[in-house]
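Let me begin by presenting the structure, written as structure tokens, before commenting on it.
Nothing in this text is a laboratory measurement; each read-out follows from the coordinates by a stated rule. Predicted, not measured: the structure shown is a model, and the values here were computed from it. Because the Cβ atoms are built from the backbone with ideal geometry, glycine has one as well, and the counts that use them run over all protein chains shown.
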Amino acid sequence: MTSVPNAERRCLVMGVVNVTPDSFSDGGMWFDEAAAIRHGFQLVEEGADIVDVGGESTRPGAARVSLEEELARVVPVIGALAAEGVPVSVDTMRAEVAKAAVEAGAQLVNDVSGGLADPEMPRVVAAAGVPYVVMHWRGHSHDMETRAVYTDVVTEVREELSKRVDLVLAEGVSKEQIVLDPGLGFAKNAEHNWAVLAGIPQLAELGYPLLIGASRKRFLGRLLAAPDGTPRPFSRSDDATLAVTALAAHAGAWCVRVHEVGPSADAVRVAAAWKRAGAGT
Ligand code: PMM
């Protein structure tokens, strides 16, 4: 379904380049354009199949950046990476940014709002014909924590994603373009995130490839908290991310979105070998 090569039929690895001063996990590290470009190449060397470039932080409580600022952050980085043949995705909720990113060479649009933040987005993606990550989302970061209310999180995420799919299909996006993402941490607390991960098989029943973004998220830091309850800092939760990569890949995820690429690139190969052996091939 994508132009990203996948001869091994394994879970893909999407490496993250946040061109932001304030992302939760790597804010400020790749804010400089040249540093962001270097980091993108580095991630490919480490085994990334796709490099996801974003210019707007979605950490809980974050305020929005202007359209102009977002364009200025991501377009040059995408252009430089794509020009060298790197498969790039753009992490944006704005149709205008998605359009400019595709023109600059992006091969996938990753929209954490699943088309809810900008009603133009599905039409732009339909016209571009690129894969489209539709993530489960209930509202912007400034108040998303108040929306983390579910009776049965897996069923509700599944139903809400299904509605988004119907809408983007009605706007002209084709089935083959769609990738779904349950949106770990987006209007979800730790308990919800674990339930969603355990529910990957039910979410996969929707019939679309699944992308899982657990990397360095707060629920991992909480799981690994010190005896006094202090959460583990994200900088020391990469081993836990890796465990999620292996389990998610084995559960059938199409792609994992991670900050630390090398170990996850190994883990998805382990998961694929394990599956092949189990299938007797
Ligand atoms: N998470 C973040 C940003 N973009 N995109 C998708 N598809 N799925 C995610 O889970 C996701 C995303 C937030 O993480 P970061 O700011 O630490 O990169």
Can you return the lysines within cross-link range of K99? Criterion is Cα-Cα under 21 Å, with same-chain partners fewer than 8 residues away left out. K175
To make sure I understand, if each residue's beta carbon is the centre and we count other beta carbons within 10 Å, what order do D181, D143 fall in, fewest to most? D143, D181
In what sequence do S66, S141, S113, S174 fall when counting other Cβ within 10 Å, fewest first? S66, S174, S141, S113
Taking the Cα centroid of the stretch 186-218 and of the stretch 81-135, what is the distance between the two, rounded to the nearest whole Å? 21 Å
Pop the C-beta distance of R236 and E69 into the FRET formula with R0 = 35 Å and round what comes out to the nearest 0.05. 0.65
Could you give each residue of the stretch 62-79 its phi-based ³J(HN,Hα) in whole Hz, using Karplus coefficients 6.51, -1.76, 1.60 with θ = phi - 60°, and x for Gly or Pro? 5, 8, 7, 9, 6, 4, 4, 5, 5, 4, 5, 6, 9, 4, x, 5, 4, x
Mind checking which lysines have their Cα closer than 19 Å to the Cα of K217? Skip sequence neighbours fewer than 8 apart in that chain. K188
For the chain, the dipole about the Cα centre with charges only on Cβ (Lys and Arg +1, Asp and Glu -1), to the nearest 20 debye, works out at 700 debye
Which percentage, to the nearest 5, of the DSSP beta bridges contained in the chain is antiparallel? 0 percent
Simple spin-label model, 7 Å along Cα-to-Cβ: E46 to A198 in nm? 3.1 nm
Within 10 Å of each residue's Cβ, count the other Cβ atoms and sort L81, L247, L108 from fewest upward. L247, L81, L108
Can you work out ³J(HN,Hα) from phi for every residue in the stretch 130-142, in order, using Karplus 6.51 cos²θ - 1.76 cosθ + 1.60 and θ = phi - 60°, giving whole Hz and x for Gly and Pro? 9, x, 10, 7, 9, 9, 6, 8, 10, x, 5, 4, 4
Residue among D91, D152, D118 with the largest mean-square fluctuation in a Gaussian network model of the chain, springs linking Cα atoms under 10 Å: D152
If you project the alpha carbons of the chain onto the principal axes, what extent comes out on each, in Å, largest first? 47, 44, 38
Given an 8 Å cut-off on Cα distances and at least 6 residues of separation, report the relative contact order of the chain as a percent. 19 percent
Stokes-Einstein D (µm²/s) once Rh is taken as the Kirkwood radius of the stretch 65-195 over alpha-carbon pairs, at 37 °C in 0.692 mPa s: 216 µm²/s
Between A226 and E103, what length in nm is gained on full extension when 0.36 nm per residue of separation is reduced by their alpha carbon distance? 39.6 nm
